[in-house]
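Here is the structure we will look at.
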């Protein structure tokens with residue numbers, strides 16, 4: 001019988017890669033393969049149902065370039081799972097953009113597969129250096145006033161000197177830039193980021 005561990009769900013359309021991940025996780029007593037599928041709709045339903053700790057999402061599902069971004073984003077917004085983007089595509093600017101748009105917790109190039117279990121464990125344990133990098137890239141898209149609003153939403157002690165109307169406009173602009181509907185989504189997505197280390 002396996003001990004309580006880290007549940008991992010995989011969204012991948014390459015059956016051979018699914019087999020490889022499943023067999024790799026089966027060898028690790030603290031990692032549990034929670035299931036897999038190749039389609040976004042089924043993946044979302046199953047992630048909500050099984051509530052895994054980590055969801056591995058292929059960046060290009062069904063042969064569609066960058067199709068995994070929207071799925072990863074939905075998973076991050078609607079669940080407590082951390083998302084790790086997996087990709088064979090290695091253009092770093094594309095990967096950065098995908099991680100920013102999806103609010104991913106981590107990413108891994110498939111050629112670095114031997115690092116998968118280590119990265120899953122690190123991601124499940126807490127905030128990784130890649131997660132902090134992605135967070136800083138997200139912040140870099142914001143103006144200083146939007147960053148102040150962002151920190152205030154997260155509960156940081158920030159003195160905002162502008163008028164309430166200006167602050168409301170800044171908050172609206174911030175949500176629009178991040179393509180989020182309200183402050184609760186910001187709090188949910190970034191609840192584990194240690195603000196005192198920024």
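Just the C-alpha atoms of the stretch 1-86: what Rg/Rh do they give, with Rh taken as the Kirkwood radius?
We get a ratio of 0.95 for the stretch 1-86.
Relative contact order for the stretch 6-136: what percent, with Cα pairs under 8 Å and sequence separation of 6 or more?
For the stretch 6-136, the relative contact order is 21 percent.
Report, in deg cm²/dmol and to the nearest 500, the calculated mean residue ellipticity at 222 nm for the chain, where each DSSP H run with n ≥ 4 adds -39500 (n - 2.57) and the sum is divided by the residue count.
Roughly -15000 deg cm²/dmol at 222 nm, from the helical runs in the chain.
Round to the nearest 10 and give me the degree value, 0 to 90, for the angle of helix 164-178's Cα axis relative to the longest principal axis of the chain.
20 degrees
May I ask for log10 I(q)/I(0) of the stretch 1-43 at q = 0.21, 0.25, 0.34 Å⁻¹, from a Debye sum over the Cα atoms as equal point scatterers with solvent left out?
-0.65, -0.83, -1.17
To the nearest 10 degrees, how steeply does helix 15-26 sit against the main Cα axis of the chain, on a 0 to 90 scale?
Around 90 degrees separate the two axes.
Among 71-80, 107-116, 160-169, what's the highest-first ranking by average C-beta atoms within 10 angstrom per residue?
My ranking of the peptides, most packed first, is 71-80, 107-116, 160-169.
By how many degrees, 0 to 90 and rounded to 10, does the Cα axis of helix 40-50 deviate from the longest principal axis of the chain?
Helix 40-50 and the main axis of the chain meet at about 90 degrees.
What is the P(r) of the chain, as percent of Cα-Cα pairs per 10 Å bin from 0?
Result returned by the calculation: 8, 36, 33, 16, 6, 1, 0.
Could you list log10 I(q)/I(0) for the stretch 81-198 at q = 0.10, 0.17, 0.22 Å⁻¹, which the Debye formula gives when each Cα is one point scatterer?
Computed log10 I(q)/I(0) values: -0.34, -0.87, -1.28.
No lab work stands behind these numbers, since they all come straight from the coordinates. Keep in mind that this is a model prediction, so the values were computed, not measured. Here Cβ is always computed from backbone atoms with ideal geometry, including for glycine, and neighbour counts include all displayed protein chains.
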